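The values are calculated or read from the model by the stated rules, or taken from the named source; none is laboratory data. Everything quoted here is computed from the prediction, not taken from an experiment. Cβ sites come from the backbone with ideal geometry, for glycine too, and all protein chains shown count toward neighbours.
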Amino acid sequence: MQISGAQMVIEALIAEEVEVVFGYPGGAIMNVYDEIYKQRSFQHILTRHEQAAVHAAEGYAKATGKVGVAMITSGPGFTNGVTGLADAYMDSIPLVLISGQVPMSLIGTDAFQEIDAVGISRPCTKHNYLVTDAADLPRILKEAFYIARTGRPGPVHVDIPKDVTAQIAKFDYSKEVELETYKPTTKGNTRQIKKAIDAIAASKRPLLYLGGGIINANAAELVREFSKMTQIPAVETFMARGTLRYDDPLLISMLGMHGSYAANMAMSETDLVIGLGARFDDRVTGKLSEFAKNAQIIHVDIDPASISKLVNAHFPIVGDVKNVLEQMIPLAQEQIDPKRYESWHNTIANFNKLHPLSYKEEGDRLKPQWVVERIGQLLGDGANISTDVGQHQMWTAQFYPFTRPRQWVSSGGLGTMGFGFPAALGVKRADMERVSINITGDGSILMNIQELMTAVEYKLPVINVILNNNFLGMVRQWQTLFYDKRHSSTDLSMQPDFVKLAEAFGGVGYRVNTKEEFDAALKDAVEKNVVAIIDVVVNRFENVLPMVPAGGSLFNMMLEYKEK
């Protein structure tokens, strides 16, 4: 059929079974928005900022495993969305961003709201397109969704000039995609897998190193099966929280810069690292020359560029983690004796006894760690948790009792303040049954506070729990520890009244100083099913510990801080 480029965008979204688009209109994308007005196949959610639109699409994608979709206009509309693109790229989130562009005849003339969008998006997308002919749109959009969700997932940017959205051409949306230069390897090499299983069977202190790729591959159940069958202990990266249940006896904890003593010591003492969907990034490894220096490395990853990028893999296996585990499990069942590792379990138990992950109850103000634990006690599996970036994020990763994959949504690689609230909107849209909690700080929440209006308008009752210490807490912590307490530009004592701010947008606000007040506020917000802010006054100078100083070794952790 012959239709306009704008209509093709709509038909492609329908063909891809898109349920929701997060966006913000403008001149260059107006033809597409006119077609959105006419359709009833998917919902469009108008965020109050383009950055929030992309983060909301990220949250939706993280919660569902589907491709998130965002739509914005040219110029400043696009540049506002770039942070979301970069965030999705760093965290391997499947996303398609459709942006408007000035007409073809005006490209390169410094026209109103013109910018080289594909030039800007090239380093922070898996792939990008500038569409110059409406006849190419069906193929390009089909490829965009395919590329976004296959292999190592990531964002794809499609930039469409306004005159292309007005062109009439034939719409033929094929079912298959053929890309000669893009054919992800999904099955692991059989010979390499056999070698890896032999290495596991021969090891005395193996350690499962679980990364976010497990979540992307929907492989958590197989990881649980493999772990239980082999009795190999496990550590999780920040992005992998929820792969194993918090109370699984084989889960040590999160490892890395703010990982537990036991997790970091286990990584330092292991003789075989079994890396599944993890990329050995700097926040996990610490000083590379000291990382797992007595261990051989098995590295399973869908992205061949990630293998041996930072840490040399003795047994590299390129493939989808789920497929590779399906290949590994029968072999492991035959060769691996789970009783072999009892001494190793005792060693790890001693690490836990020596320095358990804990905090001290002291002072008049609430401890932020208690707040995180309490949310878990009251809501548990019934909540989906998102965070912004900072101390509150690390406390959540350390102390929330995660029970399942996709329960936890946060910004990992890019560390984007302002991510949490709009991402929580996407999570809530994906899962209306569970409570959506955004644990945030008094710095982060103000970066996308305008999305209170989006939440109220579209009846997306996200509860924002602010751990309010009147500081940019993580920066303040570094200034305290490494800059002789020169707290430069981190004091946030000048703040709005968050209760009144929530009410001004049509939500509900609570100010909390005690445990009893917190319990009452959270229960009230959940029962009323409303958009809410719970402003929790917490200890101002609480630090996130343990901490591996930048460039330090995992076994050289700062376990406590004493005022000098």
Criterion violated by Tyr246 - all others in (1) crowded, with 24+ Cβ neighbours inside 10 Å; (2) not in a helix (DSSP H, G or I) satisfied: (1)
Verdict on Leu106 being in contact with a Cys (Cβ under 6 Å, 6 or more places away or on another chain) and farther than 26 Å from Pro461 by Cβ: no
Filtered residues of region 516-527 (kept if in contact (Cβ under 8 Å) with a residue 60 or more places away in the chain and not β-branched (Val, Ile, Thr)): Phe518, Asp519, Leu522, Lys523, Ala525
Search result, residues across region 134-160 that are assigned to a helix (DSSP H, G or I) and within 21 Å of Gly211 (Cβ to Cβ): Ala148, Arg149
Sole residue being closer than 21 Å to Val32 by Cα and buried (at least 24 other Cβ atoms within 10 Å of the Cβ), chosen from Val82, Val96: Val96
Residue within region 51-73 that is touching a His at 6+ places or on another chain (Cβ under 7 Å) and in the same structural domain as Asp116 (by TED's automatic domain parsing) present: no
Pairs, first within 15 Å of Ala199 (Cα to Cα) and in the same structural domain as Pro206 (by TED's automatic domain parsing) in region 322-337, second assigned to a helix (DSSP H, G or I) and acidic (Asp, Glu), C-beta under 8 Å, six or more apart: Ile329/Glu225; Gln335/Asp198
Tally, over region 395-412, of residues that are out of contact with any strand residue (DSSP E or B) (no Cβ under 9 Å at 6 or more places or on another chain) and either part of a helix (DSSP H, G or I) or not charged (D, E, K, R) (or both): 5
Selection from region 421-466 of residues that are among the charged types (D, E, K, R), buried (at least 24 other Cβ atoms within 10 Å of the Cβ) and under 19 Å from Thr396 (Cα atoms): Lys428, Asp442
Output for region 468-500, where each listed residue is out of contact with any strand residue (DSSP E or B) (no Cβ under 7 Å at 6 or more places or on another chain), hydrophobic (A, V, I, L, M, F, W, C) and surrounded by 13 or more Cβ atoms within 10 Å (Cβ to Cβ): Leu472, Met474, Val475, Trp478, Leu481
Matching residues in region 74-119 - criterion: being hydrophobic (A, V, I, L, M, F, W, C), out of contact with any strand residue (DSSP E or B) (no Cβ under 8 Å at 6 or more places or on another chain) and either in a strand (DSSP E or B) or closer than 30 Å to Arg406 by Cα (or both): Val82, Ala86, Met90
